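The values are calculated or read from the model by the stated rules, or taken from the named source; none is laboratory data. As the structure is a computational prediction, the values presented were derived from the model and not from experiment. Here the Cβ positions follow ideal geometry from the backbone for every residue, glycine too, while neighbour counts run over all protein chains shown.
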Amino acid sequence: MSDCNKYQPIPSRRDFLARSALGLGSLGLASLMNPAGLFAETASSRGGLSSLPHFAPKAKRVIYLLQSGAPSQIDLFDPKPLLNKMNGEELPESVRNGQRLTGMTAGQTSFPLAGSQFAFQQHGKSGTWMSELMPHTAGIADEMCMINSMYTDAINHDPAVTFLQTGSQFPGRPSIGSWVNYGLGSDNENLPAFIVLITKSSGGQPLYSRLWGNGFLPSQHQGVRFLAGKEPVLYLSNPPGIQQGDRKQQLAFLRQMQERQFETFQDPEIEARIAQYEMAFRMQTSVPEITDTSGEPDYIYDLYGPDAKIPGTFSANCLLARRLAEKGVKFIQLYHRGWDHHDNLPANIQRSCKQTDQASAALVQDLRQRGMLEDTLVIWGGEFGRTNYSQGALTKTNYGRDHHPKCYSIWMAGAGVKPGISYGRTDDFSYNIVENPVHVHDFQATLMHLLGIDHERFTYKFQGRRYRLTDVHGKVVKDVLA
């Protein structure tokens, strides 16, 4: 072989374009098409991804009772005798250790420790500690998996609840329910897979629709909010003069137009719009039926409490959540506001507990008696905790608590979690975690695991990056799994 053959000539611009035409053509085609569609998995017959679940799920559905505003763990689930003993003394600097404060207490010159005014007792065979404010929840202590070592990255409400619901403090990411809807699809074609209920007139921090939004996922995966009253979903009913047959004919014509648009532009959002219109049509029959609880027996109303017959109350929404779960709704998000107790906490927290305690316990009991608790995951908790020192003046009968992201409590019950356990431990002041910390992303990873999803493998490509609910970290808390 001639030595000259060992060397290749430097390619010309014409050679480069000739050899890379296919690659450049592919890039050009990708720029014209929706990039999400190029990398999307195929959907199964039930609307989810064909690759999911990754393994056999323990939970078929989730009912998430989010207590917006941050309930005080010190007054509900995490008793601290030493804190009570040192009531009125200054928060030791060795405990605070320079941790950041909100703007509401950063200017205080004194941080007097505020022990809880409420008595605690152990309940059930598990011996779970619970405040006297939660007598009904205490009755399900042996069903509960209490986590006293939750912590988060955010110190103010909006970024904290956004972080809890979407995995990011910044708006724009899909909510947990949207991820679940996208990945697992629906078990009832006549109802949305992701439904949102909000306690009416509970006051407190604002709740934005992006908390149950689809983010960059296709829009049919966003949560559908049900309102209290005669019209649970706005604009669902036909206007006067329009019959059901007319509406069906209109939707058929609209579908034809949209399908032609899709053939031309290949925009997945057109398909999402078609799916939403068709779901709305089916909901015209299914929603009035599911939201009418008048046929429930009296013993069920007695179980959920006196407010259960008042639409929009927490009790009524818990009862509705059970009915939705029975009909195969996969993710039910129930928000209750009014837990932001910066002042007058003793009176305010009693009111919040009175509104939520009985119905929360009743939901678990109701699911259990129907044989549904074994495959339904119930979650109760807020976005962060409260401080062990008083915001503002501390008196013998009154105190307030500021935001505290470094430790707080939530509980879970039902599918796949160990019943009757308390996991994690805080220090003697409920200020720092000393055993088994659980980050928000760990909690989200565990929730996904119970649904049969490996959170690290469940991603969606958007703007050149693969996103997941747990962002770039998070681990399954295996110690709480049954």
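None of 422, 430 is of a type outside the set (Val, Ile, Thr), touching a residue at least 24 places away in the same chain (Cβ under 8 Å) and either part of a loop (DSSP other than H, G, I, E, B) or crowded, with 24+ Cβ neighbours inside 10 Å (or both) except 430. Only one entry of 388, 348 meets the criterion of being at pLDDT 95 or above and surrounded by fewer than 24 Cβ atoms within 10 Å (Cβ to Cβ), and that entry is 348. Would you pick out the residues in segment 438-480 that are out of contact with any Phe, Trp or Tyr (no Cβ under 9 Å at 6 or more places or on another chain), among the charged types (D, E, K, R), under 27 Å from residue 407 (Cα atoms) and part of a loop (DSSP other than H, G, I, E, B)? 456, 471, 475 - these are the residues of segment 438-480 that are out of contact with any Phe, Trp or Tyr (no Cβ under 9 Å at 6 or more places or on another chain), among the charged types (D, E, K, R), under 27 Å from residue 407 (Cα atoms) and part of a loop (DSSP other than H, G, I, E, B).
If you filter segment 360-385 down to residues that are in a helix (DSSP H, G or I) and charged (D, E, K, R), you find that the one that is surrounded by the fewest Cβ atoms within 10 Å (Cβ to Cβ) is 374. The set of residues in segment 293-316 that are in contact (Cβ under 8 Å) with a residue 60 or more places away in the chain and polar (S, T, N, Q) contains only 313.
One residue stands out among those in segment 454-482 that are free of Cβ contacts under 8 Å to residues at least 24 places away in the same chain and closer than 20 Å to residue 50 by Cβ: the one that is farthest from the chain's Cα centre (by Cα), which is 466. For segment 243-252, the criterion of being assigned to a loop (DSSP other than H, G, I, E, B), surrounded by fewer than 16 Cβ atoms within 10 Å (Cβ to Cβ) and in contact (Cβ under 8 Å) with a residue 24 or more places away in the chain is satisfied by no residue at all. Among the residues here, residue 80 does not qualify as closer than 30 Å to residue 179 by Cα, surrounded by 18 or more Cβ atoms within 10 Å (Cβ to Cβ) and of a type in the set (Lys, Arg).
In summary, residue 196 fulfils each of the numbered conditions (1) part of a strand (DSSP E or B); (2) without any contact (Cβ under 8 Å) to a residue 60 or more places away in the chain with the single exception of condition (2). A search for C-beta distances below 7 Å between a residue of segment 385-396 that is over 10 Å from residue 431 (Cα atoms) and in contact (Cβ under 8 Å) with a residue 40 or more places away in the chain and any residue that is of a type in the set (A, V, I, L, M) and part of a loop (DSSP other than H, G, I, E, B), counting only pairs 6+ apart in sequence or on different chains, returns 390/114; 391/104; 394/114.
Pairs only if they're at least six apart or on different chains, beta carbon under 6 angstrom, first in segment 219-239 and within 19 Å of residue 310 (Cα to Cα) and in contact (Cβ under 8 Å) with a residue 24 or more places away in the chain, second small (Gly, Ala, Ser) and part of a loop (DSSP other than H, G, I, E, B); list them, first residue then second. Sorted first by the residue in segment 219-239, then by its partner, the pairs are 228/312.
The residue that is farthest from residue 325 (Cα to Cα), among those in segment 65-124 that are touching a His at 6+ places or on another chain (Cβ under 8 Å) and in a loop (DSSP other than H, G, I, E, B), is 104.
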